[in-house]
Amino acid sequence: GAVVSQHPSRVICKSGTSVKIECRSLDFQATTMFWYRQFPKKSLMLMATSNEGSKATYEQGVEKDKFLINHASLTLSTLTVTSAHPEDSSFYICSAKFMRVGTNEKLFFGSGTQLSVL
Amino acid sequence: RKEVEQDPGPFNVPEGATVAFNCTYSNSASQSFFWYRQDCRKEPKLLMSVYSSGNEDGRFTAQLNRASQYISLLIRDSKLSDSATYLCVVILNTGGFKTIFGAGTRLFVKA
């Protein structure tokens with residue numbers, strides 16, 4: 001299947017710093033990528049939809065100035081957690097929408113980033 | 001009402017049992033449907049796409065009923081390795097795309 005690479009897999013940072021997470025579709029172009037966060041034993045919560053060449057669409061309750069999303073190319077979306085605080089500690093996962101003529105669309109996920117803010 | 005609802009679980013079954021997962025969605029703009037499995041602290045992995053005609057992959061069968069807005073997943077002859085959380089996922093198209101996850105149903109298969 002298609003591959004989505006997410007980096008870094010783990011980040012430990014001090015409160016107040018910014019952290020950038022990258023999500024790359026390695027063998028396909030993704031006009032749409034999604035960013036989620038997941039707390040322990042909870043389901044994934046959609047944070048925002050990232051659209052190549054346009055502004056991201058944020059879900060209700062997600063601060064767009066805190067979680068900056070950039071989708072500058074068809075294979076890369078980034079999520080920057082600005083001025084991170086301990087409550088931002090979570091598992092962040094991206095996914096990319098895979099579409100190919102003659103097949104139904106699918107979602108492929110990155111391997112996730114565990115963010116720990118001290 | 002949640003946009004995507006799944007059986008709360010957990011399901012505890014012996015090896016070899018048949019397990020059925022149910023999922024309902026509320027938004028008629030839902031256009032694509034999937035079952036994913038997620039192991040603890042790992043990313044979700046695609047198990048099956050779900051089509052109205054139904055689809056089968058080995059021991060797994062998925063079904064979609066658009067009229068009832070209902071999705072199902074059947075696992076036959078369950079294995080220990082099937083233990084995971086099963087997520088029902090819907091993609092909406094309401095002018096823009098949006099993915100909605102069910103809360104997941106935890107499955108424990110025991111020897």
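Bear in mind that the values in this text are calculations on the coordinates, not laboratory data. Bear in mind that the values here come from a model prediction, so they are computed numbers and not experimental data. Using ideal geometry, Cβ is built from the backbone for each residue, glycine included, and neighbour counts are taken over all protein chains shown.
Numerical summary
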quantity: Taking chain A and dividing mean pair separation by its residue count, relative contact order in percent (alpha carbons under 8 Å, at least six apart); calculated: 36
quantity: Values of log10 I(q)/I(0), in the order q = 0.10, 0.15 Å⁻¹, for chain A under a Debye, Cα-only, solvent-free model; calculated: -0.27, -0.61
quantity: Packing-based exposure ordering (other Cβ within 10 Å, fewest first) of A:Lys20, A:Lys106, B:Lys2; calculated: B:Lys2, A:Lys20, A:Lys106
quantity: Dipole axis of the protein assembly as shown (+1 Lys, Arg; -1 Asp, Glu on Cβ), positive-most option in A:Ile21, A:Met99, A:Val117; calculated: A:Val117
quantity: Magnitude of the charge dipole, segment B:1-44, Cβ model with Lys/Arg +1 and Asp/Glu -1, debye to 20; calculated: 120
quantity: Cys residues of chain A counted as unpaired, since no other Cys beta-carbon is under 4.7 Å; calculated: A:Cys13
quantity: Computed magnitude of the charge dipole of chain B (debye, nearest 20; Cβ of K, R +1, Cβ of D, E -1); calculated: 200
quantity: For A:Ser111, residues with placed amide H under 5 Å, excluding near neighbours; calculated: A:Gln6
quantity: Percentage of interatomic Cα-Cα distances in segment A:56-108 larger than 15 Å; calculated: 61
quantity: Residues A:Trp35, B:Trp35 arranged by fewest to most Cβ contacts within 10 Å; calculated: B:Trp35, A:Trp35
quantity: Sorted by Cβ density within 10 Å, fewest first, the residues A:Thr17, A:Thr32, A:Thr57; calculated: A:Thr17, A:Thr57, A:Thr32
